[in-house]
1. Any chance you could look up the accessible area of residue 271 with a 1.4 Å probe, heavy atoms only, rounded to 10 Å²?
2. Top to bottom by accessible area (1.4 Å), largest first, where do 432, 116, 204 land?
3. Protein chains only, probe 1.4 Å: how do 146, 180, 276 rank by accessible area, largest first?
4. Can you tell me the relative contact order of the range 98-143? Whole percent, Cα pairs under 8 Å, sequence separation 6 or more.
5. Return the subset of 161/358; 164/233; 108/154 for which the Cα-Cα distance in this structure is over 31 Å, preserving the input order.
6. Give me the percent of accessible area attributable to carbon and sulfur for the range 317-425, probe 1.4 angstrom.
7. When the label point is put 7 Å from the Cα of residue 184 along its Cα-to-beta-carbon vector, which residues of the range 118-133 have a backbone N closer than 12 Å?
8. So what J values fall out for the range 423-433 if you push phi through Karplus, 6.51 cos²θ - 1.76 cosθ + 1.60 with θ = phi - 60°, rounded to Hz, Gly and Pro as x?
Amino acid sequence: MMMRPLLSIYALTLTYALQLPTRRDAVISAAGLWGAPSIVSAQMEAETVDVSAFNAARSGSSSSAVRSGKVRSTIIPMLDPPPLLPIRGGRKGDTRIQIPRIGYSLYKTAPEWVSRCTAIALRAGIRHFDVASLYGSNAEIAVPLKMYLGNGLKGLAKVYKEEKDELLELLDATSLAGEKHAVETLGFGSRPISPNIDGSAGGRQRRESLFISHKLSNAEQSNDAVFVGRSVKKAIAELGVGYLDMVSIHSPLTDKERRLTTYQALLQLRDGGFVKAVSVCNYGVKHLQEIADLVGDNIGDYPAMNQLELSPFNQHGDVVNWCNTNGVAVGCSAWSKLSGVDGPAEGWAVLSDLAKAKGVTKAQLLVRWSLQKGYVCVPRSGSKSKVERVAIAENSYGGVNPTDTKFVLSQEDMTILDGLDIGYKAGRLGRRDGWADEDVTGPDWDPTEV
């Protein structure tokens, strides 16, 4: 089956990024040119980080806009969000980089299925990939990413030969729907847009369109900044992507000293150009406040995002409020456990009825809820069955913005979903994303409260 020339949602929105007030910084940040690696190497040689010296140095070199304490809100509920969300990033965190609001998580994806899942996601228009040391699949995802970066979707032709034409047509239609909706929401009108360039000539553009988010495990948190740096550089080498768009601490389940030293090391890597943004996952208010106390008035050094096990059933109101006040974006992780035997049965039935009334899947309803709340979300699906392969497309930006129908949740719909919050803790749900069985002390356990 011939592939149509696909435009990328993120190529479309590159112009949008350049229209931001920090135009020059956006270009530099997108190219990953924040200084040479040698800038960081000397800093990373120290086994520990002197907190007072760290803050003094950063305060002396940060831009006035960062020091002034100005905070731009990143959690903006809206009826029809554009595909990208500006978050803090770049050197000193004083620019805005663009993160796709909907990505694809490799959580619990068996290594033998990773390549196929990634190829399907790319063809559906997905450019944001959520990976982690704990997922154990960086080497496997590197294979299709190398094919894509080297020659675009044509480079994945051998992978697509295994798929039926019916699925490929769905993926292409989904990608096109996302591209069309991106144009509509960004107001490009009839402005001409250049398609992606196949072959090696378009490699840089394709890399800039990708957003690779990696999470460091608890074992990779350390009081040794050099060790942290090596862990990040190992992930970059395994993935073969040159740099990481975002690196997160996967959970707060170590201790304060390791959390903060690891975070400081990641900021140094960001300022050296190895990563664009630094984030955290599963952090509660206590853990976030530790960072705030550490960086002081350097607002640019606050996390770019906090990814949580967040759904209508556990909305983490206190954490979300803190993030909103301090310009930290909020991300939702996969929701696969909600429908299981340990899930919130009564509320799940309400959600199911609403999805049925809308003519969408329950996962699509959750993705749409997340979008309209102003969050970033990274749903997951395998590729072993046809239903799983189709779900990758359904849960993408194009999948929840179809061209044939208008899928929007009304204020009444959102009120119904928001009313399902029962504080359904991670200990009851049974997911293990950033922690292990031995960490969970009971049904009321939650990583944000440890």
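The values are calculated or read from the model by the stated rules, or taken from the named source; none is laboratory data. In this text the structure is predicted, and so the values were computed from the model without any measurement. Backbone-built Cβ (ideal geometry, glycine too); neighbour counts: all protein chains shown. Ligands, DNA and RNA are stripped out before the accessible areas are found, and what is left, the full protein with its side chains, is counted by its heavy atoms. Shrake-Rupley method; radii C 1.70, N 1.55, O 1.52, S 1.80 Å.
1. We get 10 Å² for residue 271.
2. These residues rank, largest area first, as 204, 432, 116.
3. 146, 180, 276
4. Normalised by residue count, the contact order of the range 98-143 is 51 percent.
5. Going by Cα-Cα distance, 161/358; 164/233 fall outside the 31 Å limit.
6. So the carbon and sulfur contribution to the accessible surface is 51 percent.
7. None, by backbone N distance to the label point.
8. With coefficients 6.51, -1.76 and 1.60, one gets x, 6, 6, 4, x, 7, 5, x, 6, 10, 10 Hz.
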